[in-house]
There are 2 protein chains.
Amino acid sequence: MRDVAVIGVGMIPFGRRDEDSLMEMLAYASLKALDDAGLGDKSVDAVYVGNMGSGMLQHQSAIASSLVDRLSLLPAPADTVENGPASGGSAVKNGLLAVASGYYDTVLVVGGEKMREVTGWRATDFVATMTHPLAEYVYGITLPGMAGMFTRLYMEKYGVTREHLVAVSIKNQEMGGRNPYAHVEMAITKEGIFDDPAAVVNNPVIADPLHLYDACPVSDGAAALILFPLEKIKNPVKPPVVIAGFGQATDTHTLQEREDPTDLKAVTLAAQQALEMAKLKPSDIHVAELHDAFTILEIAESEHIGFFKKGEGGKAALAGKTAFGGTIPINLSGGLKARGHPVGATGVAQVVDIVFQLRHELPKDRQVKNAQNGLTVNFGGFGNNVLSFVLRRVQQ
Amino acid sequence: MRDVAVIGVGMIPFGRRDEDSLMEMLAYASLKALDDAGLGDKSVDAVYVGNMGSGMLQHQSAIASSLVDRLSLLPAPADTVENGPASGGSAVKNGLLAVASGYYDTVLVVGGEKMREVTGWRATDFVATMTHPLAEYVYGITLPGMAGMFTRLYMEKYGVTREHLVAVSIKNQEMGGRNPYAHVEMAITKEGIFDDPAAVVNNPVIADPLHLYDACPVSDGAAALILFPLEKIKNPVKPPVVIAGFGQATDTHTLQEREDPTDLKAVTLAAQQALEMAKLKPSDIHVAELHDAFTILEIAESEHIGFFKKGEGGKAALAGKTAFGGTIPINLSGGLKARGHPVGATGVAQVVDIVFQLRHELPKDRQVKNAQNGLTVNFGGFGNNVLSFVLRRVQQ
């Protein structure tokens, strides 16, 4: 298996993009990545699109080949990859293996979602299509509902407190304010949440014990990257970053079948596989983008990856260890919580944000100094399909 | 890139399967393929599901990871691949490249669709989600409509006649009667179609000049295969068949942008790539499964692949050259026309049918004697995304 590098990245601001179609968002992000890679008007060998809902939300299928036409990349072959909210990660994975196989050299991977096509209960219902149709969906369980129950169990077993959750929320919304691509740019404070009567109204319980500020927004957005074999890079435009490790695992579809519902086995396995392939330990990681669709998930994932022992993740967040300048900075992009979570885009955007970090090209208020290794976790279902990537800056 | 073999195949009868869920169909086909490969209760390294419409038709996403749980293959990673009616082919492609990369050894690829969930105009509308949303779909064009206009142009340019189309229809429905997995088993005759008043009523014009018997049915079904590196096969249960060649190409999304709408460029390119990779010529192919969603497509594809010169495909079909016992037998499974076309299943089913042929395990009334090389074409959109595979029996 040959080494595969990310030679170009592109992202568009996440948020409400009522004026843009899904196809336009995918095209904008792709063009930025092609430009960033210095490909000019050169074509690519293949295209992978990560998307969860074009059929359900836009009543459109086969969007990958449509994008190829839209970008004048004909006759490049193209496939759409779907894996619930891990669709972006699965698209990166298949682009990675395709280049690793030697069959393709230059591959465009783009993830995108136009989720604000639906709002309110319909957005929640769209995401709930990944629950078990007979054992979960029919009973009306939603993802916020699952996350609420998970949080309660996690609090009881590991002593996570509401202060821990709020620490994640404050950190990620502050970082969102520093990220031009982020959906949520509104900084919040602990005092504001606990003492300000307005914040109590604006931050209601959505699924006890989770409040509104514990959840990611419903966003539109797209992110793209260009993969290329490391051995063939001659004169890189930007410092090449290699995908040094990759892992993916599946857990039971229903939560009720898990012996310990607080044990996110697929996260542990995916991260372990990715780290082992990269020959790195959790302590070798300098920056991480985790799947904080709910604040509890950032805490739980940070423990399952091995950044902290079980029960220590919440305290670490409160102590600032996962903040900018901390020992293992997490979600300096703002994460799903603030960058936003257009589901098909997320797994690609996480890799793009790590590439920004490892190229050392971010502004000072977001750049981890001398970052060499980064890690992502993209979490589908309620942890029943999880992907993890380890990226490494190539020493030149 | 290492050679990848098909070491197990499985298919369930296509047709109306009102009693089975999509998940059950995928599981049945997968279990048959796992059993055929002699894997017993061993797991697999990864799973790929080809499916176009689980979101739109079953309101369900991330079905690949759900299938892994259903089959007790945890924690095997899994992705769904979508590419309109070429979703099955795209799933085979990504499984192929994943094994070729060396990252995985044993990969299950399964394609399936439960299309009869919707009937009448809703089934036609579902397939029309692959047309261009602004330039085609809004004007009410359907796939049968496109195929009708294509047929008219092809008739005018190349002299294809209704007798040629009927010859394909008769051949494929006869072969469907010999295939236990086929949806349509009803043999028809030329006299029946042209002279029998009942047949004229039963075979109305659906999109001039196409009649009902020129079109594939709306089917439920699933097909599966197991991929494995050729170099690691020790004691094969069945004669191994290698995927010797693979090609894929994209054409303009809208038909109106094609200089010559009768020129199916993506078919030509995909087949050329597959044949070149396998180091074979069209005349080296002993049996083919083509994408005859409409009879005209079998004729057009047989020319674009290079089995016949342009304008000769229809005459060849009428002369029996593409029939069982002919010089290049096409769609001995009955094709989409008679086996049926559960969209996500088709690209996988085509490869499965070629494997049956190259293993020499079919009954005498369908087995091409001593077949060594086979080819498939899986056609998405109206030829805007096309995949082709060349398979070869491994000499032992």
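Just so you know, all these numbers are worked out from the coordinates, no wet-lab data involved. Here the structure is a predicted model, which is why all the values come from computation and not from measurement. Don't worry about glycine lacking a Cβ; one is built from the backbone with ideal geometry, like all the others, and counts go over all protein chains shown.
What is the residue count in segment B:39-57 for residues that are within 24 Å of the chain's Cα centre (by Cα) and of a type in the set (Ser, Thr, Tyr)?
Count: 2.
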Going through segment B:342-372 one residue at a time, which ones are among the polar types (S, T, N, Q), in contact with a Leu (Cβ under 9 Å, 6 or more places away or on another chain), surrounded by fewer than 24 Cβ atoms within 10 Å (Cβ to Cβ) and under 22 Å from B:LYS171 (Cβ atoms)? B:GLN367
Residues (out of contact with any Phe, Trp or Tyr (no Cβ under 6 Å at 6 or more places or on another chain), at the interface with chain B (Cβ under 10 Å from one of its Cβ atoms) and not polar (S, T, N, Q)) located in segment A:97-122: A:VAL99, A:ALA100, A:GLY102, A:TYR103, A:TYR104
Given the criterion among the hydrophobic types (A, V, I, L, M, F, W, C) and either within 14 Å of chain B (Cβ to nearest Cβ) or touching a Lys or Arg at 6+ places or on another chain (Cβ under 7 Å) (or both), identify the matching residue among A:ALA338, A:ALA278, A:ALA319. A:ALA278
Scan segment B:265-273 and give yes if some residue there is crowded, with 23+ Cβ neighbours inside 10 Å, away from every other protein chain (no Cβ under 14 Å) and touching a residue at least 40 places away in the same chain (Cβ under 8 Å), otherwise no. no
List the number of the failed condition for B:ASP79; all other conditions in (1) closer than 30 Å to B:PHE382 by Cβ; (2) acidic (Asp, Glu); (3) over 21 Å from the mean Cα position of the chain (by Cα) hold. (3)
Within segment A:222-238, is there a residue that is farther than 19 Å from A:THR346 by Cβ, over 22 Å from the mean Cα position of the chain (by Cα), within 12 Å of chain B (Cβ to nearest Cβ) and not in a loop (DSSP other than H, G, I, E, B)? yes
Restricting the search to segment A:213-230, which residues are touching a His at 6+ places or on another chain (Cβ under 6 Å), of a type outside the set (A, V, I, L, M, F, W, C) and either closer than 17 Å to A:LEU165 by Cβ or surrounded by fewer than 24 Cβ atoms within 10 Å (Cβ to Cβ) (or both)? A:PRO217
Quick check on this structure: which one of A:THR346, A:THR376 is polar (S, T, N, Q) and not in a helix (DSSP H, G or I)? A:THR376
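Residue-wise test of (1) more than 8 Å from chain B (Cβ to nearest Cβ); (2) touching a Ser or Thr at 6+ places or on another chain (Cβ under 8 Å); (3) under 29 Å from B:THR142 (Cα atoms).
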{"position": "A:ALA29", "(1), (2), (3)": "yes, no, no"}
{"position": "A:LEU39", "(1), (2), (3)": "yes, yes, no"}
{"position": "A:VAL49", "(1), (2), (3)": "yes, yes, yes"}
{"position": "A:LEU57", "(1), (2), (3)": "yes, no, yes"}
{"position": "A:ARG70", "(1), (2), (3)": "no, no, yes"}
{"position": "A:PRO75", "(1), (2), (3)": "no, yes, yes"}
Out of B:ILE63, B:ILE141, I need the residue that is free of Cβ contacts under 8 Å to residues at least 24 places away in the same chain and of a type in the set (Val, Ile, Thr). Which one? B:ILE141
Going by the structure shown, is A:TYR28 over 30 Å from A:THR131 (Cβ atoms), touching a residue at least 12 places away in the same chain (Cβ under 8 Å) and within 20 Å of the chain's Cα centre (by Cα)? yes
Go through segment B:1-17 and count every residue that is over 17 Å from B:GLY53 (Cβ atoms) and outside any strand (DSSP E or B). 5
Would you please name the residue that is farthest from the chain's Cα centre (by Cα), looking only at residues in segment B:347-370 that are among the polar types (S, T, N, Q) and closer than 18 Å to B:ARG178 by Cα? B:GLN367
Look at B:ALA249 and say whether it is within 14 Å of chain A (Cβ to nearest Cβ), surrounded by fewer than 23 Cβ atoms within 10 Å (Cβ to Cβ) and touching a Lys or Arg at 6+ places or on another chain (Cβ under 9 Å). no
Here are some conditions: (1) under 28 Å from A:ALA222 (Cα atoms); (2) surrounded by 16 or more Cβ atoms within 10 Å (Cβ to Cβ); (3) of a type in the set (Gly, Ala, Ser). A:GLY192 meets all but one. Which one does it not meet? (1)
What's the total number of residues in segment B:123-139 that are farther than 17 Å from B:HIS253 by Cβ and more than 11 Å from chain A (Cβ to nearest Cβ)? 2
Checking B:VAL160 against (1) in a loop (DSSP other than H, G, I, E, B); (2) under 23 Å from B:PHE126 (Cα atoms): exactly one of these is not met. Which one? (2)
Count of residues meeting criterion [over 18 Å from the mean Cα position of the chain (by Cα), buried (at least 24 other Cβ atoms within 10 Å of the Cβ) and under 30 Å from B:ILE206 (Cβ atoms)] in segment B:90-131: 1
Being in contact (Cβ under 8 Å) with a residue 60 or more places away in the chain and surrounded by fewer than 17 Cβ atoms within 10 Å (Cβ to Cβ) narrows B:ASP41, B:ASP35, B:ASP45, B:ASP3 down to just B:ASP3
Inspect segment B:144-160 for any residue being crowded, with 19+ Cβ neighbours inside 10 Å, more than 30 Å from B:ALA224 (Cβ to Cβ), away from every other protein chain (no Cβ under 14 Å) and β-branched (Val, Ile, Thr) and give the result as yes or no. yes
With (1) assigned to a helix (DSSP H, G or I); (2) touching a Phe, Trp or Tyr at 6+ places or on another chain (Cβ under 9 Å) as the list, and A:PHE246 as the residue in question, which single condition is left unmet? (1)
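Quick one: would you say B:LYS364 is free of Cβ contacts under 8 Å to residues at least 40 places away in the same chain, in a loop (DSSP other than H, G, I, E, B) and charged (D, E, K, R)?
Details: free of Cβ contacts under 8 Å to residues at least 40 places away in the same chain: yes; in a loop (DSSP other than H, G, I, E, B): yes; charged (D, E, K, R): yes.
Yes.
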Condition set in contact with a Leu (Cβ under 6 Å, 6 or more places away or on another chain) and in a loop (DSSP other than H, G, I, E, B), scope segment B:292-327, selection surrounded by the most Cβ atoms within 10 Å (Cβ to Cβ): answer is B:ASP292
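Please verify whether B:SER72 is buried (at least 24 other Cβ atoms within 10 Å of the Cβ) and either in contact with a strand residue (DSSP E or B) (Cβ under 6 Å, 6 or more places away or on another chain) or of a type in the set (Gly, Ala, Ser) (or both), treating the condition exactly as stated.
On the way: buried (at least 24 other Cβ atoms within 10 Å of the Cβ): no; either in contact with a strand residue (DSSP E or B) (Cβ under 6 Å, 6 or more places away or on another chain) or of a type in the set (Gly, Ala, Ser) (or both): yes.
It is false that B:SER72 is buried (at least 24 other Cβ atoms within 10 Å of the Cβ) and either in contact with a strand residue (DSSP E or B) (Cβ under 6 Å, 6 or more places away or on another chain) or of a type in the set (Gly, Ala, Ser) (or both).
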